[in-house]
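The values are calculated or read from the model by the stated rules, or taken from the named source; none is laboratory data. These figures come from a predicted structure and were not determined experimentally. We place every Cβ from the backbone using ideal geometry, glycine too, and count neighbours over all the protein chains shown.
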Amino acid sequence: MFVADITYIWTAEGWLYLAVFIDLYARKVVGWSMGWRMKAQLVCDVLIMAIWQISPKKGLIVYSDQGVQYASHQYQKLLNNNGFICSMSKKGCR
């Protein structure tokens, strides 16, 4: 199972967004990406890095919140093309 999240870091040039995927079984970061904009491409780049790093099998559960990046057509297509299962938290879950 992968868990995904995005955080932001204040820099002298403005906000920097950091997206990370963690493999819960191995307890390690398997993909990360940084960018000045929080767009779907940011999380797609992370998933591509994770796929390249460990070649996960079909049926992998990828958990995230319901952010627009994770709900985007581009990201959902990438999940489907690799046979991964999308799992998202309910609204209001903390």
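So, in region 37-50, how many residues would count as being surrounded by fewer than 19 Cβ atoms within 10 Å (Cβ to Cβ) and β-branched (Val, Ile, Thr)?
Of the residues in that region, 1 qualify.
Is it the case that Cys86 is part of a helix (DSSP H, G or I), modelled with pLDDT of 95 or more and under 14 Å from Val3 (Cα atoms)?
Spelling it out, it is not the case that Cys86 is part of a helix (DSSP H, G or I), modelled with pLDDT of 95 or more and under 14 Å from Val3 (Cα atoms).
One residue is enough: does region 66-76 have a residue meeting the conditions free of Cβ contacts under 8 Å to residues at least 24 places away in the same chain, touching a strand residue (DSSP E or B) at 6+ places or on another chain (Cβ under 9 Å) and part of a helix (DSSP H, G or I)?
Within region 66-76, one or more residues are free of Cβ contacts under 8 Å to residues at least 24 places away in the same chain, touching a strand residue (DSSP E or B) at 6+ places or on another chain (Cβ under 9 Å) and part of a helix (DSSP H, G or I).
If you take the residues in region 2-36 that are part of a loop (DSSP other than H, G, I, E, B) and either touching a strand residue (DSSP E or B) at 6+ places or on another chain (Cβ under 7 Å) or not charged (D, E, K, R) (or both), which one is farthest from Gly83 (Cα to Cα)?
Ala12
Can you tell me which of Ile54, Ile48 is β-branched (Val, Ile, Thr) and at pLDDT 95 or above?
One residue alone meets the criteria, Ile48.
Taking region 60-73, which residues are more than 11 Å from the chain's Cα centre (by Cα) and within 15 Å of Leu24 (Cβ to Cβ)?
Hits for region 60-73 are Leu60, Ile61.
Against the definition (assigned to a strand (DSSP E or B), buried (at least 17 other Cβ atoms within 10 Å of the Cβ) and either touching a His at 6+ places or on another chain (Cβ under 7 Å) or at pLDDT 95 or above (or both)), how does Tyr63 come out, yes or no?
Considered against the rule, which asks whether it is assigned to a strand (DSSP E or B), buried (at least 17 other Cβ atoms within 10 Å of the Cβ) and either touching a His at 6+ places or on another chain (Cβ under 7 Å) or at pLDDT 95 or above (or both), Tyr63 comes out as yes.
For region 45-53, state whether one or more residues are free of Cβ contacts under 8 Å to residues at least 24 places away in the same chain, part of a helix (DSSP H, G or I) and more than 11 Å from the chain's Cα centre (by Cα).
yes
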